[in-house]
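All of the numbers you see were taken from the coordinates with simple rules; none came from a lab. Quantities reported herein were computed from a predicted structural model and do not represent experimental measurements. In this analysis, Cβ positions are derived from the backbone assuming ideal geometry, glycine residues included, and neighbour counts consider all displayed protein chains.
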């Protein structure tokens with residue numbers, strides 16, 4: 001018998017936790033080790049647990065060459081990551097060691113940089129959305145003239161809607177740019193034309209965008225599912241996902257085809273790919289492609305079908321195909337309870353009595369039919385901190401309903417409970 005395969009996961013905050021990764025490795029019959037960097041707050045918080053339960057390769061303070069040498073000591077057959085923050089490093093180390101990772105450094109560059117993505121899509125004739133990079137205030141007026149209004153200002157790197165702002169006037173654009181510079185100095189930004197979504201496409205209760213989850217093995221794409229979304233909160237704050245989607249079969253097929261075309265244009269040959277698409281009156285349009293499992297998508301799909309996207313990712317990292325696809329029973333969802341914000345999108349202030357009222361009211365969410373898990377903080381002392389980060393969540397709800405109509409009624413009931421204390425719309 002040959003030696004057992006070994007896979008290394010560059011671990012950080014992302015779309016799979018350490019327990020999910022370990023379970024997937026066991027199912028693949030692979031030895032697992034985690035590569036950790038104590039510069040990460042997430043890693044430092046979990047380090048005592050990780051040290052007890054996993055083989056660790058600590059690369060804190062190392063450059064790429066030193067990290068590659070340390071990882072080589074584990075003789076890995078493949079590397080992967082579930083964290084957007086670790087994709088470039090994973091790619092560089094895999095290239096240095098000559099071992100498999102889903103994406104080469106060149107492909108990874110196109111995946112993590114929205115400007116490179118937009119240029120790639122335009123060159124491939126997939127999308128001609130106007131865009132322009134913005135390095136600072138001196139570039140902004142020229143960018144607005146090239147792109148037009150309304151537009152969107154967003155970081156070239158990053159995920160989750162952080163620092164994304166709608167621009168309806170030049171003065172609003174300069175204010176948004178100043179706010180981004182204050183929140184994250186030195187961030188490279190991009191101005192894009194606003195894609196007008198059509199709320200009738202998925203249905204009025206649902207978001208005007210979806211994601212397509214695709215398994216890619218040796219450049220062959222296998223669509224796994226189209227994931228429905230809840231409507232965005234202002235300014236572009238994601239509120240959760242559900243499966244199955246509400247698109248018509250022909251439109252779902254168009255979405256899968258567009259995702260496959262984008263994957264081909266970017267040069268992706270292996271991996272789980274998360275493609276976000278805007279639903280417009282003229283059909284689906286590309287928002288962006290993530291070369292990894294989308295955040296919380298794996299949990300929703302697993303609850304709804306038993307299909308493990310983390311396991312699928314692990315198989316692909318080891319050069320193995322994904323043999324099947326999810327089959328859904330009922331409707332499964334994840335719903336985010338977003339921290340309260342003011343009308344401008346800035347975090348709203350809350351007094352201590354408000355926080356206590358939030359805790360008491362939101363605890364009632366646990367008893368709503370269709371809510372299986374209410375992930376809410378038990379220590380109300382931590383709640384005031386959340387108001388300072390506009391993208392923060394007070395909590396998460398997970399569950400299952402018989403159909404989409406029941407889910408629509410449930411989310412309306414959730415919003416009624418939340419509105420007095422969170423301002424949910």
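Here are a few things to note about the model shown:
- Pair-distance profile P(r), taking every C-alpha pair of region 130-193, with 10 angstrom steps and integer %: 25, 63, 12
- Contour excess over end-to-end distance, with Cα ends at residue 104 and residue 184 and 0.36 nm allotted per residue: 26.0 nm
- The chain: calculated mean residue ellipticity at 222 nm from DSSP helix runs of at least 4, using -39500 (n - 2.57): -11500 deg cm²/dmol
- Across all C-alpha atoms in region 6-101, the radius of gyration and Dmax reach 12.1, 33 Å.
- Projected onto planes of every orientation and averaged, the convex hull of the alpha-carbon atoms in region 197-317 covers 7.1 nm².
- Packing rank of 323-334, 168-179, where each peptide gets the mean count of other beta carbons within 10 Å, highest leading: 323-334, 168-179
- Simple label model, 7 Å out from Cα along Cβ direction - residue 406 to residue 62, nm: 5.0
- Computed from the C-beta positions of residue 52 and residue 74, the FRET efficiency with R₀ = 22 Å rounds to 0.75.
- Placing a pseudo-label 7 Å from each Cα along the Cα-to-Cβ vector at residue 324 and residue 254 gives an inter-label distance of 3.2 nm.
- Taking max minus min of the alpha-carbon positions on each principal axis, the chain gives extents of 62, 52, 46 Å, largest first.
- Measuring r between the beta carbons of residue 232 and residue 23 and using R0 = 35 Å, the FRET efficiency lands at 0.65.
- One Cα centroid belongs to region 99-115, the other to region 32-53; the line between them spans 24 Å.
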